[in-house]
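Data block below; observations after.
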Amino acid sequence: MMTNLFSMFDPSTNILNLSLNWMSTMLGLLIIPNMYWLIPTRFNMLWFNILMTLHKEFKTLIGSSTSYGSTFIFVTLFSFIVFNNFMGLFPYIFTSTSHLTMTLTLALPLWLSFILFGWINHTTHMFAHLVPQGTPPVLMPFMVCIETISNLIRPGTLAVRLAANMIAGHLLLTLLGSTGPSMSLIMINLLLIAQLALLTLEAAVAIIQSYVFAVLSTLYSSEVV
């Protein structure tokens, strides 16, 4: 029972003797996105600059102002692949991008959607792509065959390029690492230096391959607009 009218404001809320009186003070911060009240770190600023640079580059590659919004698909694709590539560099973590199951799942739907969109909406434009400008009439049938094959193998080349590059580096690191127990102390030190150099190279490959995948996807999409 309240002793006076103001006792309703007395702190009394608790669960298992843990005071929750001042929880409401912090609840608002959980609702507001952290970008409004948290100072971005150097990493956040660096990542934001990278994404903005990629957005501008992809926008230039696409060319058509009606398709600028699709750059977000390719920026997201780059972020997803580079994250998975880097995760694979840590010990005992499965490298998903080294398997065709993963890379084909990324490449095939993208390529198929571009092809269907192009043939349904820009049929004449797609037929014109089969014969490059300035081709002699005699070579036109051969060029149509070559261009058709090159279009059909695009998802395969995208998938195999990413998977093969991921497998090659990890395989080399594993093979070199397995020779360690049979080496002398001096050779082990040299092996560690070589492994660190290869690990640095693999980090660069992780970024480059995700960038190549995203850029080629952007170029394929620009052909059907």
For the range 117-122, just list the computed ³J(HN,Hα) in residue order, Karplus coefficients 6.51, -1.76 and 1.60, θ = phi - 60°, integers in Hz, with x standing in for Gly and Pro.
4, x, 6, 7, 9, 9
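Loop-only check: which chymotrypsin sites (Phe, Trp or Tyr not before Pro) in the range 54-147 are DSSP coil with at most 15 other Cβ within 10 angstrom?
Numbers: sites: 58, 68, 72, 74, 78, 80, 83, 86, 92, 94, 111, 114, 117, 119, 127, 142; in loops: 92, 94.
Listed in order of number, the matching sites are 92, 94.
How large is the charge dipole for the chain, taken about the Cα centre, if only the Cβ atoms of Lys, Arg (+1) and Asp, Glu (-1) carry charge, to the nearest 20 debye?
Details: 5 positive and 5 negative charges, 33 e Å.
Approximately 160 debye in magnitude.
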How large is ³J(HN,Hα) for each residue in the range 206-214, as worked out from phi by the Karplus curve 6.51 cos²θ - 1.76 cosθ + 1.60 (θ = phi - 60°), to whole Hz, x for Gly and Pro?
4, 6, 4, 5, 5, 5, 4, 4, 5
Against the longest principal axis of the chain, how steep is helix 42-62, in degrees 0 to 90 to the nearest 10, with axes from Cα atoms?
30
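Please work out whether the chain counts as rounded, prolate or oblate from its C-alpha gyration tensor, where a ≥ b ≥ c are the square roots of the eigenvalues and a/c under 1.5 means rounded, while otherwise a/b larger than b/c means prolate and anything else oblate?
Working: a/c = 3.28, a/b = 1.47, b/c = 2.23.
Cα axes put the chain in the oblate bin.
Every number in this text was worked out from the coordinates using simple rules, so none of it is lab data. Just so it is clear, the structure is predicted and the values come from calculations on it, not from any experiment. Cβ atoms come from the backbone with ideal geometry, glycine included; neighbour counts cover every protein chain shown.
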